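What follows is calculated from the coordinates using simple rules that are stated; it is not laboratory data. These numbers come from a predicted model, not from an experiment. Quick reminder, even Gly has a Cβ in these numbers, built from the backbone with ideal geometry, and neighbours come from all protein chains shown.
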Amino acid sequence: MSTQGLGISAGAAFDRLADTYDRDFTSSLIGRAQRNAVWEVLLKTYHPKDNILELNCGTGEDALFLGANGISVFACDASQQMIARAEQRLDLSSPIPPIVFHQLPTERIDELTPAVRFDGVFSNFSGLNCIEDLGPVVAALSGLVKPGGTLLFCFSTRICLIEILYYLSRGQVAKALRRCKGYADAQLNGATLRVYYPTLRKLRRSFAPHFRLRSRVGVGVAIPPSYLEPWARRHPHTLRLLCHLENILANLPFFRATGDHILLCFEKVSP
Ligand SMILES: C[S@@+](CC[C@H](N)C(=O)[O-])C[C@H]1O[C@@H](n2cnc3c(N)ncnc32)[C@H](O)[C@@H]1O
């Protein structure tokens, strides 16, 4: 698993966040702003009647959005508690969207045997950063996706300029550079989980030869990371300005690689 040496699985670690995840992130100003940027790309990538596999779906916010747009979703997550929250939300939806939630760690995605291959695979906000070696996952996905199918994966970046400048301005050098060595240990309500920050070059290598990088866009380039939510609440106008600036910077070379996240679009090139 992704948590070598740290003694707890990703599923068990994220179980501890499930109850408060929507309050702390999904409904936060920054969480909403970053997710809106992802949703813009999602709707350009997938279309009504597509059949999508979602990895690391959390409490189901994106699956419910895709479902409301006529897209079928088979959504997986390692955390039983996250899946339970997602199912509660699905039960409250009317009309019931075409979504199935299923507890499964991404490392075991090869256990899926769908009747028809998926049109694409989506993962939002860093679930894939919890996996050290994506090679076996990519190989399994190549068997689950139709030729020409699209992967849309949102990773935490290795270099987040706002994070570096913010912590340097507070004299916290170790925190400013915490992602730069390629991994860091995150604290999730008392559980320690190792998170990996692969370079774009490493990701390209992991996805070849089955998938080719088609495009990339920054997410959280001008919009700050979610731990700055208290600041965002005090400065809603500035946050709105940053959302406009985000639209420009997110597509610019250099800047697009320096956000909190990067959204990578891969196309399946193997049969
Ligand atoms: C930061 S949350 C993002 C959740 C959701 N995608 C969203 O946009 O709100 C990361 C999610 O990845 C899941 N996750 C982490 N490691 C995983 C793994 N190895 N297999 C499956 N899910 C995993 C966690 O349980 C958690 O729900």
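Each label point is 7 Å from the Cα along the Cα-to-Cβ direction; what then is the distance between the points at Ser94 and Ile248, in nm?
Distance between label points: 4.6 nm.
Give me the net charge for the shell around Arg35: Cβ to Cβ below 9 angstrom, other residues only, Lys and Arg +1, Asp and Glu -1. Kindly include the intermediate steps, with their values, before the conclusion.
Numbers: positive: Arg32; negative: Glu61, Asp62.
Taking every Cβ under 9 Å from that of Arg35, the sum is -1.
In whole angstrom, and with the biggest value first, how far do the Cα coordinates of the stretch 10-268 range along each principal axis?
54, 42, 36
Which order do peptides 43-56, 74-87, 226-239 fall in by mean Cβ count within 10 Å, highest first? All intermediate terms of the calculation are to be shown ahead of the outcome.
Values: 43-56: 18.5, 74-87: 22.2, 226-239: 13.6.
Ranked by mean Cβ neighbours within 10 Å, highest first: 74-87, 43-56, 226-239.
Want the number for Ala208 to Ala68: 0.36 nm per residue separation, take away the alpha-carbon distance, what's left? Please list the in-between numbers first.
Values: separation 140, 0.36 × 140 = 50.40 nm, distance 3.27 nm.
My answer for the length gained is 47.1 nm.
Let me have the relative contact order for the stretch 10-268, percent, based on Cα pairs under 8 Å that are six or more residues apart.
Working: 489 pairs, mean separation 54.3, N = 259.
It rounds to 21 percent for the stretch 10-268.
Hey, can you grab everything whose amide H is under 5 Å from the amide H of Thr157? Only 5+ residues off in sequence or another chain; H modelled, so Pro and N-termini drop out.
Placed amide hydrogens put His261, Ile262 under 5 Å from Thr157.
Using the beta-carbon distance between Asp19 and Arg240 and R0 = 25 Å, what value does 1/(1 + (r/R0)^6) give for FRET efficiency, to the nearest 0.05? Spell out each step's value before the answer.
Working: r = 30 Å, r/R0 = 1.20.
Efficiency at R0 = 25 Å is approximately 0.25.
Cα-based count: Lys pairs in the stretch 10-268 below 18 Å, eight or more positions apart or different chains? All intermediate terms of the calculation are to be shown ahead of the outcome.
Numbers: Lys44/Lys268; Lys49/Lys146; Lys146/Lys268; Lys181/Lys202; Lys202/Lys268.
So the count works out to 5.
In whole Hz and in residue order, list the ³J(HN,Hα) couplings for the stretch 152-163 that follow from phi through the Karplus curve 6.51 cos²θ - 1.76 cosθ + 1.60, θ = phi - 60°; x for Gly and Pro.
Taking θ as phi minus 60°, the curve returns 10, 10, 9, 9, 5, 7, 7, 10, 10, 4, 5, 4 Hz for the stretch 152-163.
What is the pair-distance distribution P(r) of the stretch 133-238, computed from all Cα-Cα distances in 10 Å bins starting at 0, with each bin given as a whole percent?
Here the calculated profile for the stretch 133-238 is 12, 35, 31, 18, 5.
Rounded to the nearest 5, what % of the DSSP beta bridges within the chain are antiparallel ones?
Working: 21 of 39 bridges.
The answer is about 55 percent antiparallel.
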